[in-house]
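The values are calculated or read from the model by the stated rules, or taken from the named source; none is laboratory data. Keep in mind that this is a model prediction, so the values were computed, not measured. Don't worry about glycine lacking a Cβ; one is built from the backbone with ideal geometry, like all the others, and counts go over all protein chains shown. We work out accessible area using only protein heavy atoms, side chains counted, and drop any ligands, DNA or RNA first. Shrake-Rupley method; radii C 1.70, N 1.55, O 1.52, S 1.80 Å.
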Amino acid sequence: MSEVAGWLIHISTLLDPDENPSRTGDEVENELVEYLDQLLEQNKDNPTLFIFASKIRKTTRNYASGLFHTYDLPALPRTNNDRESEFRGLNQRLLRTTGQKGATKRMIQCSGAWELIPRPGNLEETISAFSSVDMEVFREE
């Protein structure tokens, strides 16, 4: 296993809430920063590894404000993958029903929150769902 792969495994383990005692977001952030600082110190004589560790450290610093809050709220998912999946599904349904690849963004920007409409499984259900919505309320939304 390469040295970098070992780092990534260690970082993954360090961030995994199931493999560690309960910690606050600040505690997790401090542990990660401490580990990344150790990597920088250990690899100061190896330019390639030092640059790689520096990039991870810089990215962590840049995104820290939004990375660790999930440790403070146990019910909050660690990723937004489920939410992203909903948007992918919305894109697929709109492409299937409208044939327009960029329709999702335009429709959400122009017509409101499509994601709140029940998810129809086919064109007939889509037509039925839209038919039951008051267009004035829809435009206002």
Handout entry: Every residue from segment 96-141 that is at pLDDT 75 or above and assigned to a loop (DSSP other than H, G, I, E, B)
Key = 122, 132, 133, 134
Exercise for the section: Give 83, 57, 93 a once-over and let me know the one that is in a helix (DSSP H, G or I) and free of Cβ contacts under 8 Å to residues at least 12 places away in the same chain. Expected result: 83
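This table checks each residue for (1) free of Cβ contacts under 8 Å to residues at least 12 places away in the same chain; (2) open to solvent by less than 40 Å² (accessible area, probe 1.4 Å).
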site: 4; (1), (2): no, yes
site: 9; (1), (2): yes, no
site: 26; (1), (2): no, no
site: 50; (1), (2): yes, no
Exercise for the section: Could you identify the single residue in 40, 95 that is open to solvent by 70 Å² or more (accessible area, probe 1.4 Å), among the hydrophobic types (A, V, I, L, M, F, W, C) and out of contact with any Cys (no Cβ under 9 Å at 6 or more places or on another chain)? Expected result: 95
Fill in the blank from the handout: Restricting segment 60-73 to residues that are touching a residue at least 12 places away in the same chain (Cβ under 8 Å) and not in a helix (DSSP H, G or I), the one surrounded by the fewest Cβ atoms within 10 Å (Cβ to Cβ) turns out to be 72
